[in-house]
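The values are calculated or read from the model by the stated rules, or taken from the named source; none is laboratory data. No experiment lies behind these values; they were computed from the predicted model shown. Virtual Cβ from ideal backbone geometry, glycine too; neighbours counted across all protein chains shown. Each accessible area value is taken on the protein alone, full model and side chains, heavy atoms only, with ligands, DNA and RNA left out. Shrake-Rupley method; radii C 1.70, N 1.55, O 1.52, S 1.80 Å.
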Amino acid sequence: MAEKTSKSVLVLHGPNLNLLGLREPDHYGNNTLADIDALLAKRAKEANISLASFQSNSEVELIQTLHALADKKVDFIIINPAAFTHTSVALRDALSAIKVPFVEVHLSNIYARETFRHHSYFSDIAVGVISGLGAQGYLLALDYAIKTISD
Ligand code: DQA
């Protein structure tokens, strides 16, 4: 019998998230991005899901990564668009174009911060939004993704 192909999740991290661990720990905690990616990889492996993580400070690279998904099938996306959350119609349009369901994650509670952070260009097209739960937010999003794509 042919082996069942495993489902896949892509995790996208936006600008400045490469500085996690050093960057404003009061807002973003002490975990590095490598710590978060390792936690996600472990959870995905346990669930027999293939998971890739990608961080970029470039809007163009993030958009091109999404466009490339037209060829490589991905079942679910977890994205922290970081500052692009509040600015990028282009990244929003790329997500709309590829029609892969996604959860928007923020480490900090964007609604408890400056007013310019209260608006997201992604939330209304996301399956859901997790904001303010730190690194755990990514794991909760992954648990949701695993459950959804395994059903
Ligand atoms: C962030 C919140 C954004 O407002 C900010 O620009 C970030 C990180 C978060 O994870 O809390 O870079 O997305």
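A single member of S88, S96, S150, S53 is touching a helix residue (DSSP H, G or I) at 6+ places or on another chain (Cβ under 7 Å) and more than 26 Å from E24 (Cα to Cα), and it is S96.
For region 33-40, state whether one or more residues are surrounded by fewer than 19 Cβ atoms within 10 Å (Cβ to Cβ) and in a loop (DSSP other than H, G, I, E, B). No, because not a single residue in region 33-40 is surrounded by fewer than 19 Cβ atoms within 10 Å (Cβ to Cβ) and in a loop (DSSP other than H, G, I, E, B). For the residues D143, D151, the requirement of being open to solvent by 40 Å² or more (accessible area, probe 1.4 Å) and either without any contact (Cβ under 8 Å) to a residue 60 or more places away in the chain or near the ligand (Cβ under 10 Å from one of its atoms) (or both) singles out D151.
One line per residue, one yes/no per condition, for (1) more than 16 Å from the ligand (Cβ to nearest atom); (2) hydroxyl-bearing (S, T, Y); (3) open to solvent by less than 50 Å² (accessible area, probe 1.4 Å); (4) closer than 18 Å to S131 by Cα:
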| site | (1), (2), (3), (4) |
| --- | --- |
| S50 | yes, yes, no, no |
| S56 | no, yes, yes, no |
| E59 | no, no, no, no |
| K72 | yes, no, no, no |
| I77 | no, no, yes, yes |
| L95 | no, no, yes, no |
| T115 | no, yes, no, yes |
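List pairs: first residue in region 77-99 and closer than 9 Å to G14 by Cβ and touching a residue at least 60 places away in the same chain (Cβ under 8 Å), second residue of a type in the set (S, T, Y) and in a helix (DSSP H, G or I) anywhere in the structure, Cβ distance under 8 angstrom, at least six positions apart or on different chains. Going by the 8 Å Cβ cut-off, the qualifying pairs are N80/Y138.
Every listed requirement among (1) touching a residue at least 40 places away in the same chain (Cβ under 8 Å); (2) more than 13 Å from the ligand (Cβ to nearest atom) is met by I63 save one, (1). Of everything in region 103-113 that is within 12 Å of the ligand (Cβ to nearest atom) and open to solvent by less than 30 Å² (accessible area, probe 1.4 Å), the residue that is farthest from G21 (Cα to Cα) is E104. Looking only at residues of region 79-92 that are touching a Phe, Trp or Tyr at 6+ places or on another chain (Cβ under 9 Å) and either on the phi > 0 side of the Ramachandran plot or open to solvent by 60 Å² or more (accessible area, probe 1.4 Å) (or both), we find that the one that is farthest from the ligand (Cβ to nearest atom) is V89. Take the conditions near the ligand (Cβ under 9 Å from one of its atoms), open to solvent by less than 60 Å² (accessible area, probe 1.4 Å) and either hydroxyl-bearing (S, T, Y) or not in a helix (DSSP H, G or I) (or both) and apply them to V100. Does it pass? So V100 does not fit the description; no.
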